[in-house]
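The block underneath contains the structure these notes are about, expressed in structure tokens.
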Amino acid sequence: MKDRISWPLGLATIAVLLFLHIPFLLILLYAFNTEEAAFTFPPPGLTTKWFAEAWRRQDLWAAISLSSRVAIIATLVAIILGTLAALALSRSKFFGRDSLSLIIILPIALPGIITGIALRSAFSLLGLKYSFWTIVLGHATFCIVLVFNNAVARLRRTSPSLIEASLDLGASSLQTFRHVVLPNLATALVTGGMLAFALSFDEVIVTTFTAGQQQTVPIWLLNQLTRPRDRPVTNVVAVFILLVTLLPILISTYLTRNLDDLSRTGK
Amino acid sequence: MTNSSVRFENVNRHFGGIKAVDKVSFDVKEAEFFTFLGPSGSGKTTCLRLIAGFEQADKGQIFISDKLVNSIPPYDRDVHTVFQDYALFPHMTVLDNVAYGLMIKKIPKPQRHKQAEQALEMVRLTGLGNRRPAQLSGGQRQRVALARALVGRPKILLLDEPLGALDLKLREQMQVELKELQTQVGITFIYVTHDQEEALSMSDRIAVFNHGKIEQLDHPRVIYEQPKTSFVAGFVGTSNLIEGQLAQKLSGQTSPFTIRPERIRLTQEIDTAPQTIKVAGTVHDIIYLGMYTRSHIQLDDGPLMTVHSQNLDSNSSSPKFHKGDRVNLSWAAEHMHHLEP
């Protein structure tokens, strides 16, 4: 028999969930608001003109393009480096292995402001100018963690004798990677990559320190908030960001749900 | 004279301070069913991994078909392994699993699938090629692993406790099938197990491992009938070890000896037959085991002896002896086996 949830607990749960999610719904609602600057509830009227307005904004398109390119490149870098790091740390034993693993995971645990300041001073020390690549570098630090964690978890659940079996049957290390390791990691890498993309796309703090004058979508949004006019346009963009980041997260959750029966088949 | 298949010459493999394999030498003949028998941690699996190439020898030489292979990687050795956990590739179908080695050898798809299907037929899994390993039972996976290792026609097949995960009935059936398969394909099988019955029933020869060394290497009958050391006597079957003064008193020799429980007779009266060793004791306990009865007898001036008596009389519903009874133990002198001092 399943435990029944007592009604005060159930009520509290619903209250907390509403508190967390009603703002999303409000953003969605005010994206259609006819009022320009103020938030009166209920909105005096609904309109889709802000979507057209947003569509016409060249600076917004530039920001979306920058954010997308950064997210894609940072994710690719994360997938390659994260996979290699995961393989190295799970397959071999060497002095300092645990410390290294901690160092890889650290950027996601550290406050973004620390990572940001550290990168900023490193860039100025190296004489690097702020560019597309400085943003990518900043994002890659925490994107790697997502791929790495997913890959390590998958490798831990894969029987190590799979690799030996492949070598035993005549495959070289490279062939083994291509035919056995990679297919077994695939869904884990896609999952990690999706999360990395979502995280990169809406990242603000590290970007503030590594972007210079460039504007990614979240930074564009922050700048818009300081101007009282066109407030509903920011809501339109917020809805857009919500979708761009939510979809990969939903897809990756869906992929990991099927993962359990996939990974137990090694035995 | 038959050719050498796998030969170890004073091979050492140490892990940190542990001598996993300690100066081991042996010579496996071609087409032989050779078993490494021993408890866990005795070095038998490490020896197998040394042959496969997953481990490197620290000292000594390893030959496969008279060729030194110490520095040859696993993928260049003509040796395939059946892993303890089967190690089937979960993302491939059964057929692709079996054909994996052929794919690596760049054999065209139709041909390798045909060969893989033949291999599946050989292990009686016809028609299951399209399934995933996850959809098979333990016994079926074990057969897929066998087919995958055999399809490339290796010179040597290594089997690492392949029946360990199966239940008793299936295990006994697979023992027979494995032995038949080996005779049929005519290649060398090197088999690792801790199960002495498995080793006795299938092997041409057995190497008994203990603490990284081979304690005895011989045919199953010799291993059982003439164990060289007390470890072999105790690990392969059950044995009574008699040493010290009692050994001298009973056998006339100072070296310790073993006597198998099934060679001892239990009687109320003293056995008068010539050439028999006689000793008296008290029944400690009696365990009925269906086919035979196991009795533990405390000798008056010696150890607790184990005696196995066949249950030949189907009518007797009560045991012949009871706890505390005085009994006489006797056995023919020829059944005593003296150990190396």
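Quick one: 3J(HN,Hα) in Hz for segment B:280-294, Karplus 6.51/-1.76/1.60 with θ = phi - 60°, rounded, Gly and Pro as x.
Once rounded to whole Hz, the list reads 10, x, 10, 5, 8, 7, 10, 10, 8, 10, x, 5, 8, 10, 9.
What is the spin-label model distance, in nm, from B:ILE287 to B:LYS105 if the labels are put 7 Å beyond Cα along the C-beta direction?
A separation of 4.9 nm, rounded to one decimal place.
Give the share of C-alpha pairs in each 10 angstrom bin for segment A:83-124, from 0 to the last occupied bin, in whole percents, shortest bins first.
P(r) for segment A:83-124, in whole percents per bin: 25, 40, 28, 8.
Report relative contact order for chain A in percent, whole number only (criteria: Cα-Cα under 8 Å, sequence separation at least 6).
On the way: 289 pairs, mean separation 78.7, N = 267.
Over chain A, the number comes to 29 percent.
If you average the sequence gap of Cα pairs under 8 Å that are 6 or more apart and divide by the length of segment B:1-137, what percent do you get for the contact order? Please list the in-between numbers first.
Values: 180 pairs, mean separation 27.6, N = 137.
Rounded, it is 20 percent for segment B:1-137.
So how far apart, in nm, are the two label points at B:HIS219 and B:THR183 if each is 7 Å from Cα heading toward Cβ?
Each label point lies 7 Å from its Cα, and together they span 1.6 nm.
Convex hull volume of the Cα atoms in chain A, per residue, in Å³? It would help to have the intermediate numbers written out before the result.
Values: hull volume 52.4 nm³, N = 267.
Convex hull volume per residue, Cα atoms: 196 Å³.
Using amide H atoms built in the peptide plane, which far-off residues or other-chain residues are under 5 Å from B:LYS59 H to H?
Counting only residues 5 or more places away or on other chains, the set is B:ASN12.
Computed FRET efficiency, Cβ-Cβ of A:LEU128 and A:ALA186, R0 45 Å: what is it to the nearest 0.05?
Numbers: r = 35 Å, r/R0 = 0.77.
Using R0 = 45 Å, I get an efficiency of 0.85.
Lys and Arg at +1, Asp and Glu at -1: add these up for the other residues within a Cβ distance under 11 Å of A:ASN184 and post the number. Display every interim value, and only then the final one.
On the way: positive: A:ARG154, A:ARG157; negative: none.
Surrounding charge for A:ASN184 is +2.
Computed FRET efficiency, Cβ-Cβ of A:THR47 and B:GLN135, R0 60 Å: what is it to the nearest 0.05? Walk me through the numbers before you get to the answer.
On the way: r = 56 Å, r/R0 = 0.93.
The formula returns an efficiency of 0.60 here.
Where does the charge balance sit around A:THR83 when Lys and Arg score +1, Asp and Glu -1, over other residues with C-beta under 15 Å from its C-beta?
Values: positive: A:ARG91, A:ARG154, A:ARG156, A:ARG178; negative: none.
Neighbourhood net charge equals +4.
Quick one: which of A:94-100, A:176-182 comes out on top by average Cβ neighbours within 10 Å, and what's the full order, highest first? Write out the running numbers ahead of the final one.
Working: A:94-100: 9.7, A:176-182: 18.0.
So the order, starting with the most tightly packed, is A:176-182, A:94-100.
Set the Förster distance to 35 Å, then compute FRET efficiency between A:LEU28 and A:LEU81 from the Cβ-Cβ distance, nearest 0.05.
Values: r = 37 Å, r/R0 = 1.05.
After rounding, the FRET efficiency stands at 0.40.
Roughly how tilted is helix B:109-122, in degrees to the nearest 10 and between 0 and 90, from the longest Cα axis of chain B?
It is inclined by approximately 20 degrees.
Once you keep just the Cα pairs under 8 angstrom separated by 6 or more residues, what percentage relative contact order results for segment A:1-130? All intermediate terms of the calculation are to be shown ahead of the outcome.
Details: 28 pairs, mean separation 11.6, N = 130.
It rounds to 9 percent for segment A:1-130.
Rg and Dmax of segment A:1-126, using alpha carbons, in Å: what are they?
Cα only, segment A:1-126: 23.7, 66 Å (Rg, Dmax).
Cut-off 14 Å, label point 7 angstrom out along Cα-to-Cβ of B:ASP313: give me the residues of segment B:320-341 whose amide nitrogen falls inside.
Those under the cut-off are B:320-322.
Summing +1 for each Lys or Arg and -1 for each Asp or Glu, what net charge is found among the other residues whose Cβ lies under 13 Å from the Cβ of B:LEU246? Show your work: numbers first, answer last.
Details: positive: B:LYS249, B:LYS278; negative: B:GLU243, B:ASP300, B:ASP301.
Net of charged neighbours comes to -1.
Pull up all non-local amide H partners of A:LEU169: gap of 5 or more, or a different chain, and H-to-H distance under 5 Å with H placed in the peptide plane.
For A:LEU169, whose amide H was placed from the backbone, there are no distant partners under 5 Å.
Ignoring ligands and nucleic acids, what accessible area does B:ASP27 show with a 1.4 Å probe (Å², nearest 10)?
Roll a 1.4 Å probe over it and B:ASP27 shows about 50 Å².
How big is D for the protein assembly as shown, in µm² s⁻¹ as a whole number, if Stokes-Einstein is applied with the Kirkwood radius of its Cα pairs at 10 °C and 1.306 mPa s? Please report the intermediate quantities before stating the final value.
Numbers: Rh = 30.5 Å.
Here the translational diffusion coefficient equals 52 µm²/s.
Keeping all protein chains in place and using 1.4 angstrom, which order do A:TYR130, A:TYR254 fall into by accessible surface area, from largest down? List each step's numbers first, then the result.
Working: A:TYR130 85, A:TYR254 130 Å².
The ordering from most to least exposed comes out as A:TYR254, A:TYR130.
Using the alpha-carbon atoms, what tilt in degrees (0 to 90, nearest 10) does helix B:168-185 show relative to the longest principal axis of chain B?
Compared with the principal axis, the helix lies near 60 degrees.
Please give the helix A:112-126 orientation as an angle from the longest Cα principal axis of chain A, in degrees from 0 to 90, rounded to the nearest 10.
80 degrees
Buried accessible area between A and B (1.4 Å probe, both chains summed, ligands and nucleic acids excluded), in Å² to the nearest 100?
On the way: alone 16230 and 17420 Å², together 31500 Å².
The summed interface area works out to 2200 Å².
Mind giving me the nanometre distance, one decimal, between the label points for B:LYS29 and A:SER172, set 7 Å out from Cα along Cα→Cβ?
4.0 nm
Between A:LEU162, A:LEU126, A:LEU20, where does the largest GNM mean-square fluctuation fall for chain A, given springs only between Cα atoms within less than 10 Å?
Among A:LEU162, A:LEU126, A:LEU20, the largest mean-square fluctuation in the Gaussian network model of chain A belongs to A:LEU20.
Which far-off residues, 5 or more places away or on another chain, put their amide H under 5 Å from the one on B:TYR292, with H placed in the peptide plane?
B:ASN311
Can you report the principal axis dimensions of chain B using only the alpha carbons, biggest first, rounded to whole angstrom?
Result, largest extent first: 77, 50, 40 Å.
The values are calculated or read from the model by the stated rules, or taken from the named source; none is laboratory data. Please read these numbers as outputs of a predicted model, since none were measured by experiment. Ideal geometry is used to build each Cβ from the backbone, glycine not excepted, and the neighbour counts take in all protein chains shown. For accessibility, only protein heavy atoms count, side chains too; no ligands or nucleic acids. Shrake-Rupley method; radii C 1.70, N 1.55, O 1.52, S 1.80 Å.
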